[in-house]
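Only one structure is covered here, and it is reproduced in the block below.
The values are calculated or read from the model by the stated rules, or taken from the named source; none is laboratory data. What you are looking at is a predicted structure, and each value in this text was computed from that prediction instead of being measured. Cβ coordinates were reconstructed from backbone atoms using ideal geometry, including for glycine residues, and neighbour counts include every protein chain displayed.
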Amino acid sequence: MTSKEYLAGYPDRVNALVERLKKAVDGLTDEQFNTKQEDGWWSIGQIIEHLMIANGPYLVEMAHVAKSAPRSGGTDEIKHTWFGRFLINAMDKPNIPAHRSMHPGPGPMEKSKVDDWAAQYSELVSIAKNSDGINLTEAKIRNPFVKLAKMNVADMFEIIAAHTERHVKQIEELALRFA
């Protein structure tokens, strides 16, 4: 898949995740939104805050590249770096521990956090649209959490999407317990 093709489908992919999450939490009480899982894992509100914390530094880096990277038409085939593939594949594994810097606060969380989260994803969609024409494989960025790891912008877009997919599924499953 080329960078141009990937970016053309990315906004719909991200917007579908946003709608799924909003649908899952619609009608939950504040108590349900903040109920921790039986095994001590995070509440729905904490998972959403975790996504926001994890995405923030990536978005800063990606926005910079969207503004400054040379435009080559985006007809290159996307190739992920070794570290990028490692992180993308890790998103399929259950209970991968998050880096401490990505841990949410203890709560309780306000349900308005869903709107803040959706706004962050709106920014992500904007970055994807502004990245049109960039060779996502050639545009290099350091991982904001593992500074020694060099990645490309294709890695970052896919890591955010895979990470979000993982946690949206988790939120959907948790919300079903309250149905």
The range 79-105: number of residues that are out of contact with any helix residue (DSSP H, G or I) (no Cβ under 8 Å at 6 or more places or on another chain) and farther than 20 Å from residue 6 by Cα:
7
Looking only at the range 41-83, count every residue that is over 30 Å from residue 29 (Cβ atoms), part of a loop (DSSP other than H, G, I, E, B) and not hydroxyl-bearing (Ser, Thr, Tyr) and tell me the total.
8
Regarding the range 54-68, can at least one residue be identified that is within 19 Å of residue 110 (Cβ to Cβ) and surrounded by fewer than 18 Cβ atoms within 10 Å (Cβ to Cβ)?
yes
Looking at 86, 157, can you tell me which residue is surrounded by 16 or more Cβ atoms within 10 Å (Cβ to Cβ) and outside any loop (DSSP other than H, G, I, E, B)?
157
When you scan the range 117-139, do you find a residue that is assigned to a loop (DSSP other than H, G, I, E, B), in contact with a His (Cβ under 6 Å, 6 or more places away or on another chain) and in contact (Cβ under 8 Å) with a residue 60 or more places away in the chain, even just one?
no
Going by what's in this entry, would residue 176 be described as modelled with pLDDT of 90 or more and either of a type in the set (A, V, I, L, M) or surrounded by fewer than 18 Cβ atoms within 10 Å (Cβ to Cβ) (or both)?
yes
